[in-house]
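Participant: Structure below; questions to follow.
The values are calculated or read from the model by the stated rules, or taken from the named source; none is laboratory data. Bear in mind the structure is a predicted one, so any value in this text is a computation, not a measurement. Heads up, the Cβs are rebuilt from the backbone with ideal geometry, glycines too, and the neighbour counts pull from every protein chain shown.
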Amino acid sequence: MTGKSTAVVGLQWGDEGKGKIVDVLAREHAAVVRYNGGANAGHSVVVNGERYALHLVPSGILFPGVKAVIGNGVVVDPEVLLAEIDNLEVRGVDTSGLVISSRAHVVMPYHKLEDRTREAAADSDGRKIGTTGRGIGPAYADKAQRFGAVRVCDLLDRDRLRRRVSEAARLKAGFLPAGAEELNVDALVDKAAAQGERLRHRVSDTTYLLNEIIDSGGRLLFEGANATLLDVDHGTYPFVTASNATVLGIGPGAGVSPTCIGRVLGVAKAYSTRVGSGPLPTEQNNDIGNRIRERGREYGTTTGRPRRVGWIDLVALRYSVMVNRVSALCVTLLDVLSGLDELKLCVAYRMGERVTDCFIPDGEELGKVEPVYETLPGFSHDITSARSMDELPGPARAYLDRIRSFAGIPIGLVSVGPERSQTISTGVARELESATA
Ligand code: GDP
Ligand code: IMO
Ligand code: MG
């Protein structure tokens, strides 16, 4: 378990299968750490036919002995977190390794109301983001504003909690519906304080905890939530989430220096999906898109919304590889593409006369591009039981090879089904691990 830490990050618009990849790698690490986002994330892990949908609890929770750490950069909704803990315990999962940063900010009921109210207002002028409605943007806005924000440590001190909540209620009364139950200070304080009591034994200074693990030779596994093209700074703004969902968020979100990270594994689906508004240049609003959606069960883990579907966008992928300095790719859901006659890969964007192979991280400009495709033959075999690259049909290998050559980095893992066991390792991820040990 000694050596440098690992980062797992989504390279597209989310739901790439980060939860599955984290689960595959977790046992080699001392702790799995969430550093960004909140309950907008929905990470599914399938073990022996049992499906776990995790929103706030790091995916390492399924391994006893591996700590599951919610870092300071996460916005924690105590209601969702406690329900998730209860659900895991009912299913026999040991949650004693779950630790929460005392400095993580709290998503309060009024943040969720604010999220919904803003989205409803934005709908009329076409500026709706299509958020998950989990209060993520408003909670991060309050953190940046430093007025009325509630942190996990405040849940443990009733007087402090009341001061923070009163400030927030005063501030928000100006734009939230008058008389909303979400602004009733007494009720908010009672509920949040009770939630704090249930979480108290899990709360600590996770910056010390994580750096102590590193000092004693342990390796951390950072579990990115959301994804690169949803990153507030590097994604398709304004159609993004409110945090740094790239590896760049690890420093501020976990209190761990980037010098501790030895390998960055970038997770990409074999095609593209997106939930909510914003450009998806390769979108297929047709039979192919519908077929991929059904085969891939492309419905949101958090909201159940149907995901928009398109061909793989290699221009976007190479941009994400650059931003995160990805060491190796994990290509997921390859099995979903079986049965298609041909496979298209976007290798450039056309805008009028101009053709570029540079990504455009802007919600409006990216909406104007036409994808330029290469086409490769499809494959018809069921590949869900393949466990080595040799067992994949030639066209599937050729497809992966084109992704590898365009991205300019090796493929470490290929996922051919949701189960932990449905994974092909090329050996690259392990070589990278030994190189940084
Ligand atoms: P995350 O948010 O990146 O963790 O991804 P999600 O869990 O939201 O969505 C990925 C979905 O694909 C989940 O339902 C997974 O169980 C499933 N999945 C992951 N890898 C594979 C794969 O290789 N093949 C198939 N068919 N499903 C997969
Ligand atoms: P995981 O970790 C897919 C999207 C939302 C919306 C935008 C802003 O499961 O990959 P927010 O609620 O964050 O303010 O919504 O970002 N979004 C995700 N889409 N997977 C996610 O997480 C997402 N997290 C946020 O759909 O378009
Ligand atoms: Mg998801």
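Participant: Would you confirm whether any residue within the stretch 214-234 is touching a His at 6+ places or on another chain (Cβ under 7 Å) and of a type in the set (Ser, Thr, Tyr)?
Facilitator: Yes, because at least one residue in the stretch 214-234 is touching a His at 6+ places or on another chain (Cβ under 7 Å) and of a type in the set (Ser, Thr, Tyr).
Participant: Just to be sure I understand, how many residues within the stretch 130-187 are within 16 Å of ligand 1 (Cβ to nearest atom) and of a type in the set (Ser, Thr, Tyr)?
Facilitator: Residues in the stretch 130-187 being within 16 Å of ligand 1 (Cβ to nearest atom) and of a type in the set (Ser, Thr, Tyr): 2 in total.
Participant: Out of (1) charged (D, E, K, R); (2) touching a helix residue (DSSP H, G or I) at 6+ places or on another chain (Cβ under 8 Å); (3) closer than 27 Å to Arg420 by Cα, the odd one out for Arg297 is which?
Facilitator: With (1) charged (D, E, K, R); (2) touching a helix residue (DSSP H, G or I) at 6+ places or on another chain (Cβ under 8 Å); (3) closer than 27 Å to Arg420 by Cα applied to Arg297, the lone miss is (2).
Participant: Would you mind stating whether Leu113 is farther than 28 Å from Val46 by Cβ, in contact (Cβ under 8 Å) with a residue 40 or more places away in the chain and not β-branched (Val, Ile, Thr)?
Facilitator: Numbers: farther than 28 Å from Val46 by Cβ: yes; in contact (Cβ under 8 Å) with a residue 40 or more places away in the chain: yes; not β-branched (Val, Ile, Thr): yes.
Yes.
Participant: Is it true that some residue in the stretch 334-351 is within 16 Å of ligand 3 (Cβ to nearest atom), within 27 Å of Gly19 (Cα to Cα) and at pLDDT 95 or above? So that I can check it myself, show each step before the final result.
Facilitator: Quick first cut of the stretch 334-351, residues within 16 Å of ligand 3 (Cβ to nearest atom) only: 336.
Next, only the ones that are within 27 Å of Gly19 (Cα to Cα) stay: 336.
This time we only want the ones that are at pLDDT 95 or above, so: 336.
The answer is yes; a qualifying residue exists.
Participant: State yes or no: is Ala254 in a helix (DSSP H, G or I) and either touching a helix residue (DSSP H, G or I) at 6+ places or on another chain (Cβ under 9 Å) or buried (at least 21 other Cβ atoms within 10 Å of the Cβ) (or both)?
Facilitator: The answer is yes for Ala254.
Participant: Something else about it: Let me confirm something: among Leu376, Leu400, which residue is crowded, with 17+ Cβ neighbours inside 10 Å and either in contact with a Phe, Trp or Tyr (Cβ under 6 Å, 6 or more places away or on another chain) or not in a loop (DSSP other than H, G, I, E, B) (or both)?
Facilitator: Working: Leu376 fails: crowded, with 17+ Cβ neighbours inside 10 Å.
On inspection, the qualifying residue turns out to be Leu400.
Participant: Right, another one. Can you pull out the residues in the stretch 131-178 that are outside any helix (DSSP H, G or I) and among the β-branched types (Val, Ile, Thr)?
Facilitator: Thr131, Thr132, Val150
Participant: Also, I was wondering about something else. Pick from the stretch 2-19 the residues that are part of a loop (DSSP other than H, G, I, E, B) and at negative phi: which of them is nearest to ligand 3 (Cβ to nearest atom)? Don't jump to the end; show me each part of the working.
Facilitator: Pass one, the stretch 2-19, residues part of a loop (DSSP other than H, G, I, E, B): 2-4, 11-17.
If we keep only those that are at negative phi too, we end up with 2, 4, 11-13, 16.
Values: Thr2: 31, Lys4: 27, Leu11: 14, Gln12: 11, Trp13: 10, Glu16: 8 Å.
Filtering the stretch 2-19 for residues that are part of a loop (DSSP other than H, G, I, E, B) and at negative phi, the one nearest to ligand 3 (Cβ to nearest atom) comes out as Glu16.
Participant: Here is a list: Asp86, Asp94. Which entry is over 18 Å from the mean Cα position of the chain (by Cα) and part of a loop (DSSP other than H, G, I, E, B)? Full working, then the answer.
Facilitator: Numbers: Asp86 fails: part of a loop (DSSP other than H, G, I, E, B).
Among Asp86, Asp94, only Asp94 is over 18 Å from the mean Cα position of the chain (by Cα) and part of a loop (DSSP other than H, G, I, E, B).
Participant: One residue is enough: does the stretch 403-424 have a residue meeting the conditions of a type outside the set (A, V, I, L, M, F, W, C) and within 14 Å of Ala316 (Cα to Cα)? Before the answer, list the steps.
Facilitator: Here is the first cut: in the stretch 403-424, the ones of a type outside the set (A, V, I, L, M, F, W, C) are 404-405, 408, 410, 412, 415, 417-423.
Going one step further and asking which of them are within 14 Å of Ala316 (Cα to Cα), we end up with 404, 408.
Yes.
Participant: So which residues in the stretch 116-148 are surrounded by fewer than 18 Cβ atoms within 10 Å (Cβ to Cβ), on the phi > 0 side of the Ramachandran plot and without any contact (Cβ under 8 Å) to a residue 60 or more places away in the chain, if there are any at all?
Facilitator: Gly126, Arg146
Participant: Another one. Hey, does the stretch 193-215 have a residue that's more than 28 Å from the chain's Cα centre (by Cα) and surrounded by 15 or more Cβ atoms within 10 Å (Cβ to Cβ)? It would help to see each step written out before you state the result.
Facilitator: Taking the stretch 193-215 first, the residues more than 28 Å from the chain's Cα centre (by Cα) are 193-194, 197.
With surrounded by 15 or more Cβ atoms within 10 Å (Cβ to Cβ) added as a condition, the list becomes 193.
Yes.
Participant: Another question about this same structure. Being farther than 20 Å from Tyr208 by Cα, aliphatic (A, V, I, L, M), within 14 Å of ligand 2 (Cβ to nearest atom) and in contact (Cβ under 8 Å) with a residue 40 or more places away in the chain is the filter here; which residues of the stretch 13-68 pass it?
Facilitator: Within the stretch 13-68, Ile21, Val22, Ala39, Ala41, Val45, Ala53 meet the criteria.
Participant: Among the residues of the stretch 208-239, write down those that are away from ligand 1 (no atom under 16 Å from the Cβ), in contact (Cβ under 8 Å) with a residue 60 or more places away in the chain, farther than 18 Å from Val57 by Cβ and not in a loop (DSSP other than H, G, I, E, B).
Facilitator: Result: Ile213, Ile214.
Participant: Name the one entry in Val69, Val45, Val22, Val57 that is more than 12 Å from ligand 3 (Cβ to nearest atom), within 28 Å of Arg305 (Cβ to Cβ) and either of a type outside the set (Ser, Thr, Tyr) or part of a loop (DSSP other than H, G, I, E, B) (or both). Write out each step before concluding.
Facilitator: Numbers: Val69 fails: within 28 Å of Arg305 (Cβ to Cβ); Val45 fails: more than 12 Å from ligand 3 (Cβ to nearest atom); Val22 fails: more than 12 Å from ligand 3 (Cβ to nearest atom).
After ruling out the rest, the residue left standing is Val57.
Participant: Could you please find all residues in the stretch 367-405 being within 18 Å of Tyr349 (Cα to Cα) and of a type in the set (Phe, Trp, Tyr)?
Facilitator: Tyr373, the sole residue that qualifies.
Participant: Further question on the same structure: Within the group Lys368, Lys269, Lys344, which residue is surrounded by 23 or more Cβ atoms within 10 Å (Cβ to Cβ) and either closer than 26 Å to Pro410 by Cα or not aliphatic (A, V, I, L, M) (or both)? Show your work before the answer.
Facilitator: On the way: Lys368 fails: surrounded by 23 or more Cβ atoms within 10 Å (Cβ to Cβ); Lys344 fails: surrounded by 23 or more Cβ atoms within 10 Å (Cβ to Cβ).
From the options Lys368, Lys269, Lys344, the qualifying one is Lys269.
Participant: Also, quick follow-up: Among the residues in the stretch 357-368, are any assigned to a helix (DSSP H, G or I), out of contact with any Lys or Arg (no Cβ under 7 Å at 6 or more places or on another chain) and farther than 22 Å from Val267 by Cβ? Don't jump to the end; show me each part of the working.
Facilitator: Going residue by residue through the stretch 357-368, those that are assigned to a helix (DSSP H, G or I) are 366-368.
With out of contact with any Lys or Arg (no Cβ under 7 Å at 6 or more places or on another chain) added as a condition, the list becomes 366-368.
Then keep just the ones that are farther than 22 Å from Val267 by Cβ; that gives 367-368.
Checking the stretch 357-368: at least one residue is assigned to a helix (DSSP H, G or I), out of contact with any Lys or Arg (no Cβ under 7 Å at 6 or more places or on another chain) and farther than 22 Å from Val267 by Cβ.
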